[in-house]
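The values are calculated or read from the model by the stated rules, or taken from the named source; none is laboratory data. In this text, all values refer to a predicted model and were calculated from it rather than measured experimentally. Backbone-built Cβ (ideal geometry, glycine too); neighbour counts: all protein chains shown.
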Amino acid sequence: MMTEQLKKEWLISCAGWSAFIFFMTATYVLYDWAMPPAEEINNRPGWALQEWGIWYVLTPIVFRLLSQYHSAKLLTKQRWIAIISLMLCISMTYQAIFDFLVLCDPIPYTMLYFAPSHPLVLGVISYLWHTFLRTELTEQHDVFEVDAGSKTALLSYDDITHINSASNYVELHTEHQHFLKRITLKQVEQQLPNSQFVRTHRSHLVNLNYIERIQIKPSGSGLVLLKSGQTVALSKAFKPALKAKLKHVA
């Protein structure tokens, strides 16, 4: 499901680049119309889309990466530089290969031609994200911002019974419902208080306050039975840490 934040990122990207490409195309058309034939530029009708179309894809990717790392409180200066550098390498490589195969332009010429503009574009994209898309992080440190339909809501750590990993997002469970958040389980674990949550499996975190009992299987693995009636897998690797924390809580 596309969240409001994601829609806004795509809207700004598509609207911005469409307006820019239309403006550039119209400018050259009007120039050729006003000038004598000998001074016309005669660019192809789709030349602006050819030169800048790749940014329809790269811009939302940059927005998404910045938003995800920012929401996880992991957007450092070094990480921002890494994201911008990666996107610059991708854009320049694409442009060089495209111009070489389609236009037969030498790769050094293409690299030199686009070297000033692509870093500038990435700078503008970063500015737009910081100005229009960057969300203010809550000052509270005991809540998660989660998607609740088309809106966002604040979910208290105390209300979370357990958390499951599901690829590049997690499921945050309460006693009566669950929420999705696009973040890794490791990033969630770093934000949660170590005294309250424990990992029971490489894909599960459990709130110690909701544990009813643990059930060990003959194989050594087991299940964590929660007060809500839910069960969570317990692997042998995480069993000692769980037992130690339960003793400490008791």
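Name every residue in the range 226-238 that is out of contact with any helix residue (DSSP H, G or I) (no Cβ under 7 Å at 6 or more places or on another chain) and surrounded by fewer than 17 Cβ atoms within 10 Å (Cβ to Cβ), in order of residue number.
Matches in the range 226-238: Gly229, Gln230, Thr231, Ala233, Ser235, Lys236, Ala237.
For (1) in contact with a Lys or Arg (Cβ under 6 Å, 6 or more places away or on another chain); (2) at pLDDT 90 or above; (3) among the basic types (Lys, Arg); (4) crowded, with 17+ Cβ neighbours inside 10 Å, each residue gets a yes or a no:
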site	(1), (2), (3), (4)
Gln140	no, no, no, no
Ala148	no, no, no, no
Asp158	no, yes, no, no
Tyr169	yes, no, no, no
Glu175	no, yes, no, no
Leu180	no, no, no, no
Leu185	no, yes, no, yes
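Of the conditions (1) in a helix (DSSP H, G or I); (2) buried (at least 16 other Cβ atoms within 10 Å of the Cβ); (3) modelled with pLDDT under 90, Gly16 fails just one. Which one is it?
(3)
Within the range 2-25, which residues are charged (D, E, K, R) and more than 13 Å from Ile61 (Cβ to Cβ)?
Matches in the range 2-25: Glu4, Lys7, Lys8.
Which of the residues that make up the range 143-165 are without any contact (Cβ under 8 Å) to a residue 24 or more places away in the chain, closer than 20 Å to Phe197 by Cβ and of a type outside the set (S, T, N, Q)?
Val143, Leu154, Asp159
If Met35 meets every condition in (1) under 30 Å from Arg182 (Cβ atoms); (2) exposed (fewer than 14 other Cβ atoms within 10 Å of the Cβ) apart from one, which number is that one?
Exception for Met35: condition (1).
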